[in-house]
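The structure appears below as structure tokens.
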Amino acid sequence: AICQWVRGMGGQVYREEDGVQEFHLRQPRANDFTDGVFERDKALRNPELSYFAQGHELIDLLIEDASEARWCRAMAWRKQPQGALKKWEGIRVSYELSLDLAAIATADMPLESIRRIYTVAPPRRLVQFFSFPDGELLEDEAQIKLLQAPFDPRRGDATLSPKTSRELWMRSMLEGKLQQILDWQQRVDVGTEAAQNYAAKQVEAEREQALQQLQERCERDMAIMNAQAETAVARFGRGHPDTERLREEAEQCKLESEAYLSAVRNAHLSISSIAYIIVA
């Protein structure tokens with residue numbers, strides 16, 4: 001995957017056929033190759049070679065570059081006109097309310113409690129459409145319903161990007177379509193900026209809605225745990241092992257609830273995917 005990414009971004013990769021069979025990687029715009037191997041045992045036996053793994057500066061840069069390249073996660077679709085949707089061009093943006101897990105990780109909670117956050121506060125997802133050329137938020141309910149419908153090849157819908165390939169861009173540029181590409185990219189940039197501005201404005205409302213649902217669940221769980229502890233006190237007395245166990249469980253439930261609520265209070269609304277759609 002690393003080698004494919006380097007080549008796809010305009011760099012060079014080749015591998016020696018003999019000996020250690022090391023790789024030679026050259027980043028785009030770099031003058032020199034970096035020599036190394038991906039196998040740990042080979043790296044240990046050949047200290048003069050780099051060990052290509054996370055922690056190596058080159059590999060970390062490539063992973064960061066790939067993670068920030070939104071076009072790698074983009075899709076492009078052509079939908080057939082239908083009903084109130086005769087002609088439209090824009091982007092479909094999927095958002096996800098990402099929890100701040102730092103509050104949970106630092107709360108000295110067992111691993112199963114950390115995993116449980118996705119049960120008590122399941123991921124919240126939101127989809128919006130932004131029209132070209134000005135990135136205006138689409139609010140027409142009839143059109144939104146048609147755009148949200150699954151893509152159906154039997155109805156004539158077709159993918160414009162079966163896979164991400166820089167060769168497609170390069171071919172269009174060589175055919176003299178550079179200005180068309182730049183104009184399209186400009187429209188996508190405007191739509192993406194509008195999508196990011198929408199996330200900044202909407203995040204507080206999403207947090208409040210998630211907090212309300214989580215608060216209700218935490219209060220219900222705490223009420224059950226406290227009732228069980230009080231029943232044990234009345235039945236067995238305060239020093240009984242079952243009473244102490246239930247009191248400890250109630251305290252643990254309180255700790256978890258506070259950590260979960262903190263994770264939601266500091267959550268942020270992030271873009272998880274973008275798809276270009278044209279109806280024509």
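No value in this document is a laboratory result; all are computed from the given coordinates. Only a predicted model underlies this, so the values are computations on that prediction, with no experimental measurement involved. Don't worry about glycine lacking a Cβ; one is built from the backbone with ideal geometry, like all the others, and counts go over all protein chains shown.
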Exercise. Starting from the Cα gyration tensor of segment 214-280, take the square roots of the eigenvalues, sort them a ≥ b ≥ c, and report rounded, prolate or oblate (rounded when a/c is under 1.5, otherwise prolate if a/b is larger than b/c, else oblate).
Key: prolate
Quiz item: Out of [x] 6, 22, 27, 23, 15, 7, 1, 0; [y] 6, 18, 20, 20, 18, 11, 5, 1, 0; [z] 7, 26, 36, 24, 7, 1, 0, which label holds the value of P(r) over Cα pairs in 10 Å bins from 0, in percent that was computed here?
Solution: [y]
Quiz item: To the nearest 20 debye, what charge dipole does the chain have about its Cα centre, counting +1 at the Cβ of each Lys and Arg and -1 at the Cβ of each Asp and Glu?
Solution: 1120
Quiz item: Between exposed trypsin sites (Lys or Arg not before Pro) in the chain, where DSSP calls loop and at most 12 other Cβ atoms lie within 10 Å, what's the longest gap?
Solution: 88-162
